[in-house]
Amino acid sequence: MTHFLTIVLRDVRFRILMWIVGISALTLVVPPAFEGLYSDPAERELLKETLSNPAMVAIVGPVPESTYTIAVMFAHEMIVFMAVVHGLFGIMIANAVSRKMEDNGLLEYVSSTGITRGNIFRAQLLIGFIMNITLGAVIFAGLSVMNIESFGTGGNLLYALGTTLFGILFYTFTLVLAQLLPSSDWSFGAALSILLLLYAGRAVTDVINTDYSAAFPYHWLSRMEPFGTNDYMWLLPFAVILLFIWLAWALFSKRDLDDAYIALDFKRKTRRIGTYPRLQLTGMKVLIISWLAGMLMIGLSYGAIFGDLDTFIGENELLAQAMEDASGTDPILQFISTLMMITVIVGVIPALMVSARILREEKSGRLEMLASADISRISMLITHGVLGAVTGALGLAFSVFGMYGASIGVEGIGLTLGDYMLTALNYTPAVIFFAGLSMLLIGISRKLHTLIWIYFIYAFFVNYLGLVIGLDDEWRMATPFHYLAEMPAEEIDWTAWTIITLIGAALGVTGALLFRKRDIG
């Protein structure tokens with residue numbers, strides 16, 4: 001087992017380290033910021049009342065009944081959001097050390113050297129536990145040394161345990177899918193879809209009836225109320241992890257390598273791929289379809305709460321009046337704009353994943369073979385960039401279509417399907433900008449592309465907190481979202497729309513030209 005563990009760690013250790021550094025930094029930077037922004041208890045109580053509206057409940061979860069201290073505010077506003085990140089961490093690494101290694105032929109190779117399946121599975125499992133426990137220990141230690149009032153040891157431990165178990169939950173769940181499905185693309189796509197669907201389900205049930213939310217792991221974290229009631233009993237549902245471990249081993253021990261329990265063979269006849277774009281589109285169809293389905297479900301979940309939103313604002317005259325005075329627009333449109341911003345930021349992720357797929361081709365050595373077949377490197381990178389931008393734009397269109405479909409019949413909104421689609425069009429330049437920046441970094445260096453994810457996390461962070469707690473707008477100036485209109489509450493700014501689109505396109509073209517000259521492989 002030690003030999004196989006060393007082989008696997010050599011391949012994924014850098015990714016694990018980057019995830020641990022990124023997630024812990026994203027978590028630990030928030031408490032000091034909250035302490036500086038909301039040191040006054042009266043301000044925190046006012047924020048707590050604002051966050052009790054359905055739009056905010058759908059994003060961050062139900063408001064805890066405990067006194068809204070800095071620590072309670074931190075857990076309330078961060079734990080559901082960070083759970084998505086912890087889950088994605090678990091999914092990506094689990095998929096990499098299981099099905100993706102099997103697709104590459106590594107598992108078959110190590111099996112031929114006498115390493116047993118039991119040792120392989122134990123190594124895979126050990127990596128998942130070590131990386132998540134290490135991340136939890138870093139977060140616990142970081143929260144403890146800050147010495148901020150209301151951050152007690154019990155709350156620090158519960159927050160770290162909850163997020164750690166959430167990561168392990170999706171790590172082991174992905175191991176199960178790796179046995180059931182025929183490729184790493186299918187296992188990743190299915191796990192990612194479940195991660196997003198559970199978030200969408202929690203968003204709807206948290207607004208309609210929290211009793212139904214108990215079926216969703218995100219809600220288990222909310223019900224713990226770290227730093228408030230510190231209810232450790234809600235750690236018990238995570239015992240389902242043991243079931244996933246048993247199921248993953250039972251399936252893996254009896255399955256032939258390179259086989260799957262669920263056959264998903266859609267090939268009816270032999271086809272000639274012909275072009276590089278068609279080759280990549282064929283290879284990434286599972287990834288793209290999974291993301292489009294996830295974006296549609298997010299739109300449907302948010303659209304389903306619009307009726308409750310109308311009722312809430314109608315019953316809260318002070319909130320409606322305050323929002324009208326601040327913006328001069330309908331408060332319902334303001335809340336829809338808030339939900340749209342979060343949806344758009346999520347929609348950037350598939351664009352980055354598709355554009356970065358060329359790095360996988362480079363690592364496998366296939367780019368050199370394709371280049372020898374007179375396929376230019378420029379056309380290769382442009383293919384990935386364009387597919388990424390199109391996937392992201394389609395994701396936005398799917399999400400707003402879901403919002404429209406779920407909100408039909410809700411009085412007081414007055415938005416047509418055209419208005420929703422124009423909103424998606426308004427945010428498309430942000431997707432193009434990120435895809436173009438991704439291409440630029442790929443063109444400079446394969447290793448440099450990690451910076452795009454750091455920048456994305458920053459953009460997600462400042463825009464998410466900017467919407468939830470009213471973070472100063474200066475933080476958003478380094479992101480394209482600052483310059484685009486906040487539709488549908490505002491009119492589209494075509495000047496900003498054109499400039500950001502052109503900047504994104506220019507970054508992409510520059511990246512393609514640089515990629516033509518740099519060493520690959």
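Some points to look at:
- Index of the failed condition, LEU175 passing every other in (1) more than 30 Å from ALA351 (Cα to Cα); (2) in contact (Cβ under 8 Å) with a residue 24 or more places away in the chain; (3) not acidic (Asp, Glu): (1)
- Candidate set from segment 207-219 (those that are touching a Lys or Arg at 6+ places or on another chain (Cβ under 8 Å) and either hydrophobic (A, V, I, L, M, F, W, C) or not in a helix (DSSP H, G or I) (or both)); member that is modelled with the lowest pLDDT: ALA214
- Residue selected from segment 341-362 under the condition farther than 30 Å from MET487 by Cα and either within 24 Å of the chain's Cα centre (by Cα) or free of Cβ contacts under 8 Å to residues at least 24 places away in the same chain (or both), by the criterion least open to solvent (accessible area, probe 1.4 Å): ILE358
- Of the residues making up segment 260-278, those that are under 30 Å from VAL176 (Cβ atoms) and either modelled with pLDDT of 75 or more or basic (Lys, Arg) (or both) are ALA260, TYR261, ILE262, LYS267, ARG268.
- Segment 119-130: number of residues that are closer than 15 Å to THR2 by Cα, in contact (Cβ under 8 Å) with a residue 24 or more places away in the chain and surrounded by fewer than 18 Cβ atoms within 10 Å (Cβ to Cβ): 3
- Some residue of segment 432-442 being out of contact with any strand residue (DSSP E or B) (no Cβ under 8 Å at 6 or more places or on another chain) and modelled with pLDDT under 85: no
- Screening ALA94, ALA141, ALA123 for residues that are within 22 Å of the chain's Cα centre (by Cα) and not acidic (Asp, Glu) leaves exactly one candidate, ALA94.
- Test: residue in segment 29-51 that is open to solvent by less than 30 Å² (accessible area, probe 1.4 Å) and not in a helix (DSSP H, G or I): yes
- The test for being within 28 Å of VAL85 (Cβ to Cβ), of a type outside the set (Asp, Glu), open to solvent by 30 Å² or more (accessible area, probe 1.4 Å) and modelled with pLDDT of 85 or more does not hold for LEU425.
- First in segment 38-52 and hydrophobic (A, V, I, L, M, F, W, C), second anywhere and at pLDDT 80 or above, Cβ under 6 Å, 6 or more apart: LEU51/VAL63
- Some residue of segment 60-77 being within 27 Å of GLY189 (Cβ to Cβ), buried (at least 23 other Cβ atoms within 10 Å of the Cβ) and among the β-branched types (Val, Ile, Thr): no
- Every residue from segment 103-113 that is part of a helix (DSSP H, G or I) and open to solvent by 10 Å² or more (accessible area, probe 1.4 Å): ASP103, LEU106, GLU108, TYR109, SER111, SER112
- For VAL138, the criteria (1) modelled with pLDDT of 90 or more; (2) open to solvent by less than 30 Å² (accessible area, probe 1.4 Å) hold in every case but one, which is (2).
- Residues (modelled with pLDDT of 85 or more and open to solvent by less than 40 Å² (accessible area, probe 1.4 Å)) located in segment 13-24: ILE16, ILE20, ILE23, SER24
- Residue within segment 197-206 that is in contact with a Lys or Arg (Cβ under 9 Å, 6 or more places away or on another chain) and of a type in the set (D, E, K, R) present: no
- Of the listed requirements (1) among the polar types (S, T, N, Q); (2) over 23 Å from LEU192 (Cβ atoms); (3) within 20 Å of the chain's Cα centre (by Cα), THR172 misses just one: (2).
- Yes/no for LEU192 being open to solvent by less than 20 Å² (accessible area, probe 1.4 Å) and either of a type in the set (A, V, I, L, M) or in a helix (DSSP H, G or I) (or both): yes
- Flag for ILE452 being aliphatic (A, V, I, L, M) and within 17 Å of HIS384 (Cα to Cα): yes
- When every residue of segment 491-499 is checked against the conditions, none turns out to be out of contact with any helix residue (DSSP H, G or I) (no Cβ under 7 Å at 6 or more places or on another chain), of a type in the set (Phe, Trp, Tyr) and open to solvent by less than 60 Å² (accessible area, probe 1.4 Å).
- Failed criterion for THR116 (all others in (1) under 15 Å from THR27 (Cβ atoms); (2) polar (S, T, N, Q); (3) open to solvent by 10 Å² or more (accessible area, probe 1.4 Å) hold): (1)
- For first residues located in segment 138-155 and acidic (Asp, Glu), partners that are not in a helix (DSSP H, G or I) and lie 6+ apart or on another chain with Cβ distances below 9 Å form the pairs GLU149/THR69.
- From SER445, SER438, residue being of a type in the set (Ser, Thr, Tyr), farther than 26 Å from VAL204 by Cβ and open to solvent by less than 10 Å² (accessible area, probe 1.4 Å): SER438
- 2 or more residues over 30 Å from GLY36 (Cα atoms) and among the aliphatic types (A, V, I, L, M): qualifying helices (runs of 4 or more DSSP H) within segment 416-521: 417-444, 494-517
- Annotation: of all residues in segment 220-256 being among the polar types (S, T, N, Q) and part of a helix (DSSP H, G or I), the one that is farthest from LEU169 (Cα to Cα) is SER253.
- Residue in segment 227-239 that is among the small types (Gly, Ala, Ser), open to solvent by less than 30 Å² (accessible area, probe 1.4 Å), out of contact with any strand residue (DSSP E or B) (no Cβ under 7 Å at 6 or more places or on another chain) and modelled with pLDDT of 90 or more present: no
The values are calculated or read from the model by the stated rules, or taken from the named source; none is laboratory data. Since this is a predicted model, take the numbers as computed values, not measurements. In this analysis, Cβ positions are derived from the backbone assuming ideal geometry, glycine residues included, and neighbour counts consider all displayed protein chains. Accessible surface areas use protein heavy atoms only, side chains included; no ligands, DNA or RNA. Shrake-Rupley method; radii C 1.70, N 1.55, O 1.52, S 1.80 Å.
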